[in-house]
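Engineer: I'd like to ask you about the structure that follows.
The values are calculated or read from the model by the stated rules, or taken from the named source; none is laboratory data. Note that the coordinates shown come from a computational prediction; the quantities given were computed from them, not determined experimentally. Cβ placement follows ideal geometry from the backbone for every residue including glycine, while neighbour counts extend to all protein chains displayed. Ligands, DNA and RNA are excluded from the accessible area calculation, which covers all protein heavy atoms including side chains. Shrake-Rupley method; radii C 1.70, N 1.55, O 1.52, S 1.80 Å.
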Amino acid sequence: MLSNDVLRSVRYMLDISDAKLVEITALAGFEAQLADVRAYLKKDDEDGYKHCDNQMFAHFLDGLVVYRRGKDDSRPLPEAVWPVSNNTVLKKLRVAFELKDEDMHAILASVDFDVSKPELSALFRKEGQKNFRRCGDQLLRNFLKGLTMRIRG
């Protein structure tokens with residue numbers, strides 16, 4: 001799934017401004033420019049659209065965790081890792097919103113996208129592990145839709 005689509009979804013979900021997205025990214029130690037963020041949030045057929053690069057997107061996801069859960073002063077910020085896969089997005093959202101397996105199942109069920117427990121746990125395994133499964137765009141899109149419904153009510 002495009003990082004721009006995830007940015008737009010999270011922005012809508014949390015009802016935050018473009019400037020707040022810049023602040024969230026700065027929480028992970030990356031200085032994004034407001035003009036760039038506005039270009040990332042445009043639809044791909046609009047003038048001024050710009051593809052969100054992996055470095056900025058990885059820092060945004062790390063910043064989102066800090067924004068939602070607070071900074072742990074006993075530990076340094078984790079190194080941002082890119083390229084960012086759908087599995088990574090799902091993991092970061094799970095951590096940021098403090099979701100348990102039951103919450104994840106409920107979110108996906110709320111948008112009529114049922115996933116079994118083994119299928120869901122396979123998405124969170126380390127790549128290369130025997131039971132690892134890649135997260136598809138459809139699953140991530142439905143998860144974002146369900147999480148948005150849950151957050152915005």
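Engineer: Could you give the accessible area per residue of the chain, probe 1.4 Å, as a whole number in Å²?
Structural biologist: Details: 8790 Å² over 153 residues.
Spelled out: the 1.4 Å probe surface of the chain, per residue, equals 57 Å².
Engineer: I'd like the Kirkwood hydrodynamic radius of segment 48-153, using the inverse of the mean 1/r over distinct C-alpha pairs, in Å. Mind showing how you got there, number by number?
Structural biologist: Values: mean 1/r = 0.0671 Å⁻¹.
Hydrodynamic radius (Kirkwood, Cα pairs) of segment 48-153 is 14.9 Å.
Engineer: A further question on this structure: Across segment 130-141, in residue order, what do the Karplus-derived ³J(HN,Hα) couplings come to in whole Hz, using 6.51 cos²θ - 1.76 cosθ + 1.60 with θ = phi - 60° and x for Gly and Pro?
Structural biologist: Each residue of segment 130-141 in turn: 3, 9, 4, 9, 6, 7, x, 4, 5, 5, 5, 4 Hz.
Engineer: Among all the aspartates and glutamates, which ones have a C-alpha under 18 Å from LYS42's C-alpha, if same-chain residues fewer than 8 places away are not counted?
Structural biologist: Qualifying aspartates and glutamates at Cα under 18 Å: ASP5, ASP15, ASP18, ASP53.
Engineer: Determine, at each q value in 0.11, 0.20 (inverse angstroms), the log₁₀ of I(q)/I(0) that the Debye formula gives when each Cα of segment 24-93 is one equal point scatterer.
Structural biologist: For segment 24-93, the Cα-only Debye profile gives -0.29, -0.86.
Engineer: If r is the Cβ-Cβ distance from ASP53 to ARG75 and R0 is 22 Å, what FRET efficiency results, to the nearest 0.05? Don't jump to the answer; show the numbers that get you there.
Structural biologist: Values: r = 26 Å, r/R0 = 1.20.
The value I calculate is 0.25.
Engineer: Contour minus end-to-end for ARG38 and GLU23, with contour as 0.36 nm per residue of separation and end-to-end as the Cα-Cα distance?
Structural biologist: Details: separation 15, 0.36 × 15 = 5.40 nm, distance 1.34 nm.
Full extension from ARG38 to GLU23 adds 4.1 nm.
Engineer: Further, regarding this structure: Quick one: if the Förster radius is 22 Å, what FRET efficiency do GLN129 and VAL95 give, using the C-beta to C-beta distance and rounding to 0.05?
Structural biologist: Numbers: r = 19 Å, r/R0 = 0.86.
Here the calculated transfer efficiency is 0.70.
Engineer: With each pseudo-label sitting 7 Å past Cα toward Cβ, what's the PHE113-LEU2 distance in nm, one decimal?
Structural biologist: 1.7 nm
Engineer: Now, a different point. For LYS130, list the lysines whose Cα falls under 21 Å from its own Cα; do not include residues on the same chain fewer than 8 positions away.
Structural biologist: Cross-link targets: LYS91, LYS117.
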